[in-house]
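Where a number appears in this text, it was derived from the coordinates with a stated rule and is not lab data. Keep in mind the model is a prediction, meaning the values are calculated, not measured. Every residue, glycine as well, gets a Cβ built from its backbone with ideal geometry; the counts of neighbours run over all protein chains shown.
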Amino acid sequence: MATSIEKAQQRVKDLEDKLKQAKALKQKAEVRVKTAEAKQKRADDTRRKILVGAAILSKVERGEWPKDKMLEMMGQQLTRADDRALFGLAAAAPTTPAQQ
């Protein structure tokens, strides 16, 4: 028969196991929250970029901002050939590490 000390030790062990499980659940929940926050941050950033682009394109279409200035700006920023093609820009010249 188990003594009261053995029972107490078993109870302590059981409580420690429950604590470990609770900590693991808490950590999972924290990771889930951080992942959701990061996803929302990326979505917000993407939406901001879309809205800024839409505003600029709207100004260009209404003649409030010169199209050549927009194309010049895009030519300076875009490096991928498929992105440049969307604006009718020639492929960018390859850069060397010293030019970056």
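Helix 67-77 axis versus longest C-alpha principal axis of the chain: approximately 50°, rounded to the nearest ten. Taken about its Cα centre, the chain carries a charge dipole of roughly 500 debye when the Cβ of each Lys and Arg holds +1 and the Cβ of each Asp and Glu holds -1.
Computed over the alpha-carbon atoms, region 1-91 gives an Rg to Rh ratio of 1.57, Rh here being the Kirkwood radius from the mean inverse distance. Given in Å, the Rg to one decimal and the Dmax to the nearest whole number for the Cα atoms of region 41-86 are 11.9, 33. Excluding residues fewer than 8 places away in the same chain, name every one of the lysines whose C-alpha is closer than 19 Å to that of LYS7. Straight-line reach from LYS7, under 19 Å: LYS18.
Each listed q (0.26, 0.32, 0.33 Å⁻¹) maps to a log10 I(q)/I(0) for region 7-52 from the Debye sum over equal C-alpha point scatterers, namely -0.85, -0.98, -1.00.
With a Förster radius of 30 Å applied to the C-beta separation of GLU30 and LYS7, the computed FRET efficiency comes to 0.30.
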